Amino acid sequence: MRLQYPLLFPYGTDGWAINIRCVEGSSNNLTNVTMREFIAFLIQYRHDEGNMLLRCGRLFRQFVVDCYAAIKAWRLRFFRDHQSTLRAELYGGLQDAVTAGENNAYAVGKRLILPASFTGGPHYMRQYFLDAMAICNQMGYLDFFVTFTCNPNWPEIQEALLQQPG
């Protein structure tokens with residue numbers, strides 16, 4: 001990210017690496033800082049710092065989108081590399097293809113199993129769909145779909161905006 005955004009990081013400070021150690025007393029049980037934790041630390045607002053990154057407008061938004069894509073790609077890579085811990089061998093893709101009569105080896109790909117915790121994956125979507133159907137079954141179907149908007153001139157909104165610099 002430092003090489004892609006020289007305006008955001010003019011001094012070329014170090015970015016995320018796999019071997020960044022967590023400090024003692026951190027809330028998670030991991031030994032290393034994850035990419036998501038590192039990016040979350042970068043984009044936090046701090047009262048005693050300049051917060052140059054947060055003041056860059058559209059460039060900052062593009063940076064956040066790129067970081068999201070990088071985090072998602074890293075998680076997908078993790079799932080690909082740890083299929084044995086996800087018990088992917090139980091799905092038997094090759095055996096199923098042979099049983100179905102597939103004799104072209106190029107047509108048989110490697111199946112990648114995504115856990116239900118992967119946001120946007122088929123298991124995740126199915127789980128939330130079934131949850132929504134169970135709620136409708138128990139409580140009845142919705143009569144109204146209500147959305148809320150807020151007026152930027154409301155006193156609560158103005159007060160919250162005054163606390164943000166710039």
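Just so you know, all these numbers are worked out from the coordinates, no wet-lab data involved. Remember, it's a predicted structure, so these values are computed and weren't measured experimentally. When we count neighbours, we look across all protein chains shown, and the Cβ atoms used for this are built from the backbone with ideal geometry, even at glycine.
For residue 32, the residues 5 or more places off, or on other chains, whose built amide H falls under 5 Å of its own are 22. A simple spin-label model places the labels of residue 156 and residue 32 4.3 nm from each other, with each point 7 Å out along Cα-to-Cβ.
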